[in-house]
Each structure stands twice: as C-alpha cells, then as structure tokens.
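The values are calculated or read from the model by the stated rules, or taken from the named source; none is laboratory data. Keep in mind that what you see is a predicted model, and the values were worked out from it rather than measured. With ideal geometry, Cβ positions are generated from the backbone for all residues, glycine too; neighbour counts draw on all protein chains shown.
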Amino acid sequence: MCATTVAKSTTATFKRRQDDADAFDFAGATPPKRTPRRIPAHNQQPLRPRERDAIIQSLRAGVTPRCGLPHIQVGRDGEIAAMREDIERIQDGGASIRFIIGEYGSGKSFFLQLTRAIALESDLVTLHADLAPDRRLCATQGQARNLYAELAHNMATRAKPEGNAMKSVVERFVAAVRKRADATGVSVAHLISAQLAHFSEHVGGYDFASVIHAYWEACERGNEERKNNAVRWLRGEFTHRADARNALGVRSIVDDDRMYDHLKLLGLFVHQAGYGGLLVCLDEMVNLYKLANGPARMANYEQVLRICNDCLQGSAAHIGFLMGGTPDFLFDPHKGLYSYEALHSRLAENTFARNAGVVDYTAPTLHLANLSPEDLLALLHNIRHVYAAGNASQRLLPDEALHAFLAHCALCIGQEYFRTPRNTIKEFVNLLAVLAQNPALHWSELLPQVCVSPDRESGMSDALGDDMSQRATDDSGLVSFQL
Ligand SMILES: Nc1ncnc2c1ncn2[C@@H]1O[C@H](COP(=O)(O)OP(=O)(O)OP(=O)(O)O)[C@@H](O)[C@H]1O
Ligand SMILES: [Mg+2]
C-alpha cells in the first residue's frame, strides 16, 4: 500500500472511531480525576556533583543555571508564593499569565527557571524558550513556528528535566490508555478516540488527535519511523504540509498561524496524559519591543493580547504563561506593551497597592524588586556552600571575607553590586576558583585586585534588534538591504 493510501485510511479510521466514540459513553473513557498533588517546598535536597558543577559554571559565565537553583536562590518569597498559586490553578484546570518585569540582570531568567523547577516538581510539563529575531509569537516567514519548535524541543517533565520530553509524554498517554483498556475491556483505539474526541472542537485538534492515533498504531506495528514522524509533527518539525500528509496522513502542520493553538492543545494533551498541566516560559520578550517594524510589533502584541484574554477570561485550560521582559518592554508608550491600549488597560498597575506602598502579587505583572544587600550576602553564602560541594569543612572563605568582598564591590560600583548582581557573582566565583587552585594564597591579598564592573545590556542584543528590524521589514514585504 502506498504511503498516501495508508495515510488516507488512517484518517478515515480515526474519523470512524471518533464517531463510535461519540456514540458510546465508554467506561473509563475520560482520564481518572487527578488528586491535586501538594506543591513541594523547593528546598533543600542534597547537592549532587553534577548540579554543583553546572551551577558554578553558569554563574561564572553570568548565566542562570538550568538545574540546582534552589541551592543558591535568595529572596523572592512573595513572588514564589504567587507562582505556586498559579501552578495550583493550572493543576485545577485553570490558566494563568504573568509578565515578569525587571531591569537587565535583575534576575528575570533566574526567576523563570526557578518557577519552572517548581512546576516540574509539581508534575507539570514545562516548555521554555528565549525570543529572538527568528523566534517570535507572530510572524509570516516561519519565525513563530521556530519559536514553537524551540519550545517543544525544550519540553521537560520531572523525569526528563533537561528537555526533549515530547516522546515520553506521548508514551505516558499511550501507557495510561493501555492500562485502562486492560481494566475495562474496551479497545485502546476506542479509548484514544473517546479521550481526544473534544480536541476536534479546537483549531488543529482533529489532526493533533490523528497524530496521536498514528503514534499508537505505529507502536502496535513496531513501526519506529512512523512513531518518530508523529513526534516530529508534534514538535513542529514538519515544514511542508505535503511531507506531513505523506508521513502521517494529516493535512496540517504546526505553522506560524497555529503555533498558539498548538500550545493550547499541548496543555490539554499533557493533562490527558496524567500531568497537572503545561507551563510555557518565554524569556527575552524585549525582542518584541525591539522590532522596528510597527505592524510586525503590533501583530505580536495582538498575539500577546489573545493569550492574555484566554488566560484571564478562563477560555484556556491547564496552561500557564510566564513572559520575562524589561520595564521598557512593558512601559514604553511608543513601542512597549503599553503602546497597545487593550494591553495597557489589562496590565495597568494596581494604584491602590501603589498608593499603599504594598505589592499586589495577584496582578498579571510581577515587578521583580532589586535584590537587597542582605540578599546578596545570603547569595554569597550559598555560592560558597555550593562551591564546597555542601561540605562545610571545605569552605574556601571565612564569613568576614564575604563582608569584605561586598564592601569592596560597593566601593567599585556603588549600589549596582546588589541591584544587578551578575558581575558581582562572576567575580566572586572567580575569586573562589583562584583560591581553590592556589591554597597558599590568602583572600585578603586577592581582594584588592577584584575588578567588578556594572552590569549593562550587551551590545549583542542591540545588534539582534537591528537584525530583527531588518527581518521585520521583510515581513511587510518591503525588503531593504544594508551593508
Ligand atoms: N533570586 C536570586 N537568587 C540567586 N541568584 C540570583 C537571583 N536572581 C538572580 N540571580 C543571579 O543573578 C544573575 C543575573 O540574573 P538573570 O540572568 O536571571 O538576570 P536577567 O534579569 O534575566 O538578566 P537579562 O536582562 O540580562 O536577561 C545570575 O547569575 C543569577 O543566577
Ligand atoms: Mg535573562
């Protein structure tokens, strides 16, 4: 049988099965109700050597570690409590959206990663990606699909926190359905159809369900290639409809227009697979603000509005969004989210909270306060602890050295040393590295040589912004070249 015939017959079979499914109320067709898991406290597990190395290397490079964050985290208690509530809401079938706003280097990426780690512990599936010139929420030349593909590539679960978890999520769905089929005597095919029947009410849902079906059939037949194709489709890796039709018998692919619809479908699907829901973390949203092409920027903000409306009005389920950006990205009246009136009204600050000098942690925008000097001291304690692999006897510096180090940084760069702590942290780790390799040296000899500079937005971002404006111009069809 040729590929197209197989494809057609699969779609037809699925349609038939879905009709059957609609006609009967199968025993156990809906997934068993989850008892909401208590969200665990995020500290203090033993420090593994791999985590220790990852933390130290990331801090030294000035980036947020991808694992072991609770070992160094300081402050942010109110914000984290708010995130835990959001996670509970997602588990209960609701939706949430938060804009994490902070200056360059104030800890936005750290906070996003920390929330992601809490979500994974709470049995959510997470997706994360940085926006970039070729990764946006709305586009016409594949940039939105690129963003989806990056998110899907980074899909993580508690068992696979490092990413690439799409296949294991689908496996978990299939395994759960198989188990129920064994228990109820209803065929797996019928159960899958019944369980995903409501997907056809959503944009792209019919093909999504067909692909899951194709995956299960490929499992039954031991057809690895088809299984891989199904996973590739779910990860948005098909770029041509014809290829998807030949490989899986579906007419659509995840393209620019459908990327958000597919995220919503993923939220529903991971719930069906037995997870609490989906958390989507989008960092470097400032890249949208940097789009020089007004219509392209507005189109992206419209997409943000759509997500905002769905999450705030309750029309999305089992999904949450975290978007990290700078104050410019939010407040700029000409190019920021506030330049779009509908978003301005939804994201406007709570004036009662402001006048009372308190923080409203239920608002969609969370402004990350700067870390305090006390926070930074606690952070140095944590880093020293991690550097010593959790072994107090191997600490390289006494407490007085930490105070002296901070005093030195304050002299060099003033308040910046704790407001945007990236460079302070880098220099501290460098100091530890030198002491670790040269036990004969004393910290007091090295301290005057520590040279810490204020953290600034890298020129790279601007360059990317320019690049993006170039591409944005492409979007409007007016191509210009610049040497
Ligand atoms: N609450 C925190 N606890 C411990 N370390 C933190 C905390 N917040 C930030 N850091 C550390 O501060 C540094 C800068 O944080 P991060 O990279 O998250 O900033 P950012 O706001 O994302 O910066 P950028 O605007 O450049 O993307 C990182 O080394 C991070 O590990
Ligand atoms: Mg960042």
Conditions (1) under 16 Å from the mean Cα position of the chain (by Cα); (2) among the small types (Gly, Ala, Ser); (3) more than 16 Å from ligand 1 (Cβ to nearest atom): number failed by Ala129: (3)
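For residues that are within 11 Å of ligand 2 (Cβ to nearest atom) and outside any helix (DSSP H, G or I), tally how many sit in segment 105-130. Talk me through it step by step, then tell me what you get.
Here is the first cut: in segment 105-130, the residues within 11 Å of ligand 2 (Cβ to nearest atom) are 105-113, 130.
Subsequent filtering for residues that are outside any helix (DSSP H, G or I) retains 105-107, 130.
Total satisfying the criteria: 4.
Okay, residues lined up against (1) away from ligand 2 (no atom under 16 Å from the Cβ); (2) under 25 Å from Leu265 (Cα atoms); (3) in contact with a Ser or Thr (Cβ under 7 Å, 6 or more places away or on another chain); (4) modelled with pLDDT of 95 or more:
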| site | (1), (2), (3), (4) |
| --- | --- |
| Leu278 | yes, yes, no, yes |
| Ala292 | yes, no, yes, no |
| Asn300 | yes, yes, no, yes |
| Ala316 | yes, yes, no, no |
| Leu322 | no, yes, yes, yes |
| Ala342 | yes, no, no, no |
| Asn350 | yes, no, no, no |
Residues satisfying the stated conditions in segment 66-104, i.e. within 16 Å of ligand 2 (Cβ to nearest atom) and either surrounded by fewer than 20 Cβ atoms within 10 Å (Cβ to Cβ) or over 15 Å from Ile425 (Cβ atoms) (or both): Arg66, Arg76, Glu79, Arg98, Phe99, Ile100, Ile101, Gly102, Glu103, Tyr104
Matching helices (runs of 4 or more DSSP H) fully within segment 369-483 where at least 2 residues are closer than 23 Å to Thr64 by Cα, in contact with a Gly (Cβ under 6 Å, 6 or more places away or on another chain) and modelled with pLDDT of 70 or more: 422-437
Residue ID - nearest to Ile101 (Cα to Cα), chosen from residues in segment 393-423 that are among the hydrophobic types (A, V, I, L, M, F, W, C) and within 16 Å of ligand 1 (Cβ to nearest atom): Phe418
Filter result (touching a Leu at 6+ places or on another chain (Cβ under 6 Å) and surrounded by fewer than 23 Cβ atoms within 10 Å (Cβ to Cβ)) within segment 119-134: Ala129, Pro133
Candidates His213, His190, His198 - the one that is surrounded by fewer than 20 Cβ atoms within 10 Å (Cβ to Cβ), of a type outside the set (Ser, Thr, Tyr) and touching a Phe, Trp or Tyr at 6+ places or on another chain (Cβ under 9 Å): His190
Residue check for Leu330: away from ligand 2 (no atom under 16 Å from the Cβ), part of a helix (DSSP H, G or I) and modelled with pLDDT of 90 or more: no
Helices (runs of 4 or more DSSP H) fully within segment 227-326 counting 1 or more residues that are crowded, with 23+ Cβ neighbours inside 10 Å and within 16 Å of ligand 1 (Cβ to nearest atom): 286-289
